[in-house]
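Take a look at the structure set out below.
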Amino acid sequence: MYPFQYHRPANLAEATALLGKLGEGKALAGGQTLIAAMKLRLAQPSDLVDLGGIAELSGIRADGDAIVIGALTRHADVAASAEVGKRIPALARLAGSIGDRQVRAAGTLGGSIANNDPAADYPAGVLGLGATVVTSRRSIAADDFFSGLYETALEPGELIKSVSFPVPQRAGYAKFANPASRFALIGVFVCQEKSGAVRVAVTGGGNGVFRSAELEKALAASFTPAAAAAVKLSADGFSGDLHASPEYRAHLVSVMAGRAVAAALG
Amino acid sequence: MGANIANGIGASALRKEDQRFLTGAGNYTDDINIPGQTYACFLRSPHAHAAIRKIDTRAAAAAPGVVAIFTGEDLAEAKVGGLPCGWLITDVNGQPMKEPPHPLLAQGKARHVGDQVAVVIAETYLQAKDAAELIEVDYEVLDAAVDVATATQPGQPAVHDIAPDNVCYVWGHGDKAAVDKAFAAAAHVTTLEFRNNRLIPNAIEPRAAVAQYSRSEDAYTLHVANQNPHVERLLMTAFVLGLPEHKVRVIAPDVGGGFGSKIFLYAEETVITWAAKRVNRPIKWTAERSESFLADAHGRDHATRAELALDKDGKFLAMRVHTKANLGAYLSTFASSVPTILYATLLAGQYATPAIYAEVTGVFTNTAPVDAYRGAGRPEATFTVERLVSAAALEMGIDQAEIRRRNFITSFPYATPVGLTYDTGNYEATLAAAMKIADVAGFPARREEAKKRGKLRGLGYSCYIEACGLAPSNVAGALGARAGLFEAGEIRVHPTGSVTVFTGSHSHGQGHETTFAQVVAERLGIPFENVDVVHGDTGRIPFGMGTYGSRSLAVGGTAIMKALDKVIDKGRKIAAHLLEAADSDIVFEDGNFKVAGTDKQVAFGQVAFSAYVPHNYPLDRLEPGLDETAFYDPTNFTYPAGSHICEVEIDPETGVVRVVGYTASDDFGNVINPMIVEGQVHGGLAQGIGQALLEQAVYDPDSGQLLTGSYGDYAMPRADDLPNFKVDTQVTPCTHNPLGVKGCGEAGAIGSPPAVISAVIDALKELGVRDMAMPATPHRVWQAIQSARA
Ligand SMILES: Cc1cc2nc3c(=O)[nH]c(=O)nc-3n(C[C@H](O)[C@H](O)[C@H](O)COP(=O)(O)OP(=O)(O)OC[C@H]3O[C@@H](n4cnc5c(N)ncnc54)[C@H](O)[C@@H]3O)c2cc1C
């Protein structure tokens, strides 16, 4: 790790002001990605702006037909939340499937989606549920938020405040864990909205989370495991590495989609 | 055998060492800090193969806190030698193996990613690391020879000039002519080609060392995470640094796991020992985890073609094995012996195969050195034998247990065609026990039930044998060993009758402080609490060979038993004097010296007291004191053996293999502490199942970059990857050591990989799958199912 300056602002305005004036400054949430990258000397921020002291960024609340989760809310708190567990159980289970106990106790929703690791779980939940990302400047629809490998619509100095998840009719998440890292080798989030519309988000494919039009079409016609499993995706666009070939990843999308639907149907 | 006292032999005594380990009071190398200490950081090659044209250290030397920087050139100038290899292999033509230099810091060339190129010593570790980044190395990147199967082909780059075809040796073992003849007459031949996957040891404590030079004593002290401090000292002083051995004290304090990887003499601790005098400051180095991946000696990495010849009834006639063994970029301390002496000699397994021939090609590649890792040669041999047997049974339609029974060795001693003589064993007994515990009879019903859920179940067998307590020294010497293989033990009885045991064995997780104390307490009839075990410090213990190859109890425990005999012998003479009887009339029972047939007796403690306060003592014929040392050189290996049965369930949609049942019935001879033995088996099984399903070190075949350089890509087994193990022991006592013990540290890792792989194949056989590479990852299993269905 290289030396850096540490700041701990008490509110969001102070945090954004700090980030605005510090050239190579970075926000620090749970540190589960950022600190590791710094230790490996892959990241070299001049300043860390620790969001940990900003109370308004944490917490889970109902907001009409949505659940709003603060950016700094830990994975463990989402996994254990009665509110989330009752109204969007798939999201609670997704949070509970991230990493291990220590990671879940420290890692945050905002940190996960700001980082947008192509194998992370939360992006699938946010995109699959059609959530809205609320930042220090604006509201961004999930469809516009994730823009590529480790890329998002966030601008320099822009902070995520919360994410608003519309409560669906039903939803399910099935994750095929990478045997080594236990990130998603493939994770599929399926959601049937109150309107009946179906959204399917896939993570782990290699190039960032995406919606599968084929699966959405098939599930709109018949929201059943069999319908999902029958969809055969082309391997084009999936990445291959020492853990999985593109063909295997494409195959797993169908299998996990079927399992996610089964989970959604309970 | 049998416990005469609390926590004696056979008791599951709680481990003495756990109090300090579990409460954070362990004293590991990185816990040791010496006033004035500096820190070393090694600059490592980012290339698998590169000529070093120039190293510019000027900017680094000017960086804050830097005390010194050394490169290979500095070491050459100081006439510092290279690392030695401890075993000379003689090839099929009677020529010695190729032994290229193994410099402490690269000289002229870097030969694997992670090869040490320079060392920076600074006031803090971060300063050393920052400065290392400022060293400018002008590399000319060369093509790399990476894969063991292809590195010997024409046109591959040579790792070392003295081995242009990258061959270190071609070594043969066994009667080739007899084997070829038997194959010609065989009713059936089973042939397999496979890789034994390359593993990275991953001890929880990374390698570490603190080196100190004292000007007042003109002597060195090295704390190092190591499994055999005397061997470390001998190799370092006599072969590399040319220091007087008695001026170097090596201490291996608490060590957090080794699995073989801490047997070896490495460059890092050698460099900082040398440099400690140069800079006249203590120097600490602790590996970062990424360095452990790159620069600890790896394990396995064989490419093998193996054939088994059978008669029409499934009796084994002969076995023929050709193996290419990856040695990596340099010969690590015991690298040459692992795929030869410790491999080919085990190819008889538990079977009376009359003729066996093995040919092993040791291959240099631009990868990290490969050396002993839990099992060292024996897991590779067991995989070869047991996969051949399982495949032959499948091909010939013979039941898996039946083919093994038909070929078991049943009378002992038994001389194998590959040079070992098994003293004892009962292979039927472990197989029968394992089958009963694993409920093999109920398997068809479980398979049917799984099928209803869309899952495929399979059962796999492995009847392994291993050889522990490498011995005797003179035989090993004739085979090329450059070190002795005895062990030493000292029993120091204190005036009040408590005992300190000094052993040459080293505990890095095995619980010697408990097991050895049980042996001593039992033999002397004194409380377990009154016995302490000291190990790991050349300044305190007699010259010992350390711990590897499951040798500690069989060899080190025997040395202790022999020292105990001497203590009791002397005690008998003291007691005879005290009791006014003849020496020959004294018997030692339950901690008391007694005049046989009378009620006259004196307690062990009283005898100890008079040995040190010799007021009433036969000073005319006996020295005072009660402190005895024994060295023991075993007459034979010990031969732990057992039967493992693995049950897997496969999800054909994803290829995921779950181990749903694992039974191990092992014969370790007599068991001193069943709990510790069970723990050793569990750990070994986790590593063996890890090898079979999860772990593999992968280098990019072109660039030689390690693709599995972190836990993000190298899959270590986790608790939820493993079932609850069912373990059992059967006992045939070893015939040639007084405790009748054989060793248990590696058995789990040796026996399990073929059991798992055969279970996977058994599950998939109905789809036509006949082969499965390790590790059987979901991806691989799915691909096998796809190609079988295609
Ligand atoms: C061992 C291990 C296992 C893991 N396993 C999984 C897994 O299975 N699945 C999975 O999805 N993830 C996994 N993770 C990642 C984990 O979920 C992290 O929590 C997540 O990647 C980052 O969240 P964080 O709060 O730690 O963010 P940090 O590391 O603190 O920050 C990450 C990035 O986000 C930025 N950031 C943080 N908060 C905000 C904000 N409010 N607004 C704008 N930018 C912000 C930071 O500046 C930084 O660039 C694992 C991590 C580890 C260490």
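Some notes on this structure:
- Candidates A:Leu18, A:Leu215, A:Leu42, ranked by Gaussian network fluctuation over chain A, Cα under 10 Å, top entry: A:Leu42
- With R₀ set to 56 Å, the beta-carbon distance separating B:Asp311 from B:Asp569 gives a calculated FRET efficiency near 0.50.
- Charge-dipole axis of the protein assembly as shown as Lys and Arg at +1 and Asp and Glu at -1 on Cβ define it, positive-most pick from B:Phe334, B:Val418, A:Tyr248: A:Tyr248
- Distance (nanometres) between label positions extended 7 Å along Cα→Cβ at A:Asp144 and B:Asp165: 6.8 nm
- Placing +1 on the Cβ of every Lys and Arg and -1 on the Cβ of every Asp and Glu, with nothing else charged, gives the range A:55-166 a dipole about its Cα centre of roughly 380 debye.
- Dividing the convex hull volume of the alpha carbon atoms of the range B:14-102 by its residue count gives 272 Å³ per residue.
- Cα gyration tensor of the range A:170-264 - equivalent ellipsoid semi-axes, whole Å, descending: 22, 13, 11
- If the segment from B:Ser214 to B:Gln786 were pulled out straight at 0.36 nm per residue, it would be longer than the present Cα-Cα gap by 199.3 nm.
- Normalised per residue, the volume of the convex hull around the Cα set of chain A (Å³): 117 Å³
- The peptide list B:459-472, B:309-322, B:14-27, put in order of mean Cβ contacts within 10 Å with the highest first, becomes B:459-472, B:309-322, B:14-27.
- Each principal axis of the Cα cloud of the range B:670-760 was evaluated for its coordinate range; sorted largest first, these ranges are 53, 28, 24 Å.
- Each residue of the range B:730-738 is assigned a 3J(HN,Hα), and the resulting list reads 10, 10, 10, x, 4, 8, 10, 9, x Hz, derived from the Karplus form 6.51 cos²θ - 1.76 cosθ + 1.60 (θ = phi - 60°), x at Gly and Pro.
- With a threshold of 27 Å on the Cα-Cα distance, the over-threshold entries among B:Lys566/B:Lys742; B:Lys98/B:Lys176; B:Lys262/B:Lys566; B:Lys315/B:Lys451; B:Lys566/B:Lys594 are B:Lys262/B:Lys566; B:Lys315/B:Lys451.
- Each principal axis of the Cα cloud of the range B:376-485 was taken in turn, and the coordinate range along them, longest first, works out to 60, 28, 27 Å.
- The calculated 222 nm mean residue ellipticity attributable to helices in chain A amounts to -9500 deg cm²/dmol, summing -39500 (n - 2.57) over DSSP H runs of n ≥ 4 and dividing by all residues.
- Whole-number accessible area per residue in Å² for the range A:103-235, which is evaluated in the context of all protein chains at 1.4 Å: 35 Å²
- Linear extension gain, B:Thr635 paired with B:Glu73, 0.36 nm per residue minus alpha-carbon span: 197.7 nm
- What a 1.4 Å probe finds exposed on chain A is 52% carbon and sulfur by accessible area, rounded to a whole percent.
- With only Cα atoms counted, chain B has Rg and Dmax values of 27.4, 90 Å.
- Our summary of shape: the Cα atoms of the range B:312-449 have principal axis extents of 51, 40, 27 Å, ordered from largest down, in whole angstrom.
- Cα pair distances in the protein assembly as shown, grouped into 20 Å bins until the bin that holds the longest one, percent each: 12, 37, 36, 13, 2, 0
- In the B-A interface, the accessible area buried, summed over both sides, Å² (probe 1.4 Å): 1800 Å²
- Kirkwood-Stokes translational diffusion coefficient of the range B:417-478, alpha-carbon pairs, 25 °C, 0.890 mPa s, µm²/s: 159 µm²/s
- Across the range B:434-534, counting alpha-carbon atoms alone, Rg and Dmax equal 23.8, 71 Å.
- In Hz, Karplus ³J(HN,Hα) per residue of the range B:486-500 (6.51, -1.76, 1.60; θ = phi - 60°; x = Gly, Pro): 8, 9, 10, x, 10, 10, 9, 8, 8, x, 8, x, 7, 9, 10
- In this structure, the amide hydrogen of A:Ala177, modeled 1.01 Å from its nitrogen in the peptide plane, lies closer than 5 angstrom to those of A:Leu185, counting only residues at least 5 positions away or on a different chain.
- Whole-Hz couplings from phi, Karplus 6.51/-1.76/1.60, listed for the range B:350-365; x for Gly and Pro: 9, 10, 8, 5, x, 9, 9, 9, 10, 10, 10, 9, x, 10, 7, 9
- Accessible area (Å², per residue) of the range A:5-50, counting only protein heavy atoms and a probe of 1.4 Å: 54 Å²
- Kirkwood hydrodynamic radius of the range B:135-211, Cα pairs, Å: 18.1 Å
- DSSP beta bridges confined to the range A:1-114 are antiparallel in about 40 percent of cases.
- Globularity ratio of the range B:486-632, using Cα Rg and 2.2 N^0.38 Å: 1.06
- At a threshold of 10 Å², the residues of the range B:113-131 that become less accessible to a 1.4 Å probe in the full protein assembly than in their chain on its own are B:Leu126, B:Lys129, B:Asp130.
- Occluded residues from the range B:754-790, i.e. those whose accessible area drops by 30 Å² or more once the chain is not alone (1.4 Å probe): B:Pro778, B:His779, B:Trp782
- Cα centroid separation, the range A:70-104 to the range B:270-302 (Å): 42 Å
- Proximal lysines relative to A:Lys21, as straight alpha-carbon distance under 24 Å, when same-chain residues fewer than 8 apart are discounted: A:Lys161
- Cα-based radius of gyration of the range A:5-50 once divided by 2.2 N^0.38 Å, which approximates compact folds: 1.11
- Relative counts (whole %) of C-alpha pair distances in the range B:338-383, using bins that are 10 Å wide: 25, 50, 21, 4
- log10 of Debye I(q)/I(0), alpha-carbon scatterers only, for the range B:572-627 at 0.13, 0.14, 0.18, 0.21 Å⁻¹: -0.27, -0.31, -0.51, -0.69
- Under 5 Å between amide hydrogens, built in the peptide plane, is the criterion, and for A:Val134 it picks out A:Ile140, A:Lys161, A:Ser162, A:Val163, A:Ser164 among residues at least 5 positions away or on other chains.
- Protection proxy ranking, peptides B:214-227, B:118-131, average beta carbon neighbours within 10 Å, highest first: B:118-131, B:214-227
- Using the Cβ-Cβ distance between B:Val141 and B:Arg289 with R0 set to 22 Å, the FRET efficiency from 1/(1 + (r/R0)^6) comes to roughly 0.25.
- Taking only Cα atoms of the range A:55-166, radius of gyration then Dmax in Å: 12.6, 36
- Residue order for B:Asp666, B:Asp31 - accessible surface, 1.4 angstrom probe, largest first: B:Asp31, B:Asp666
- About the centre of its Cα atoms, the range B:709-790 shows a dipole size close to 140 debye [charges on the beta carbon of Lys, Arg (+1) and Asp, Glu (-1) only; nearest 20 debye].
- To the nearest ten degrees, helix A:12-21 and the longest principal axis of the Cα atoms of chain A are 70 degrees apart.
- In this label model, B:Ala187 and A:Ala10 are separated by 9.0 nm, measuring between points 7 Å along each Cα→Cβ vector.
The values are calculated or read from the model by the stated rules, or taken from the named source; none is laboratory data. Predicted model only: the values in this text are computed from it and were never measured. Cβ atoms come from the backbone with ideal geometry, glycine included; neighbour counts cover every protein chain shown. Accessible surface is based on the protein model in full, side chains and every heavy atom, while ligands, DNA and RNA are left aside. Shrake-Rupley method; radii C 1.70, N 1.55, O 1.52, S 1.80 Å.
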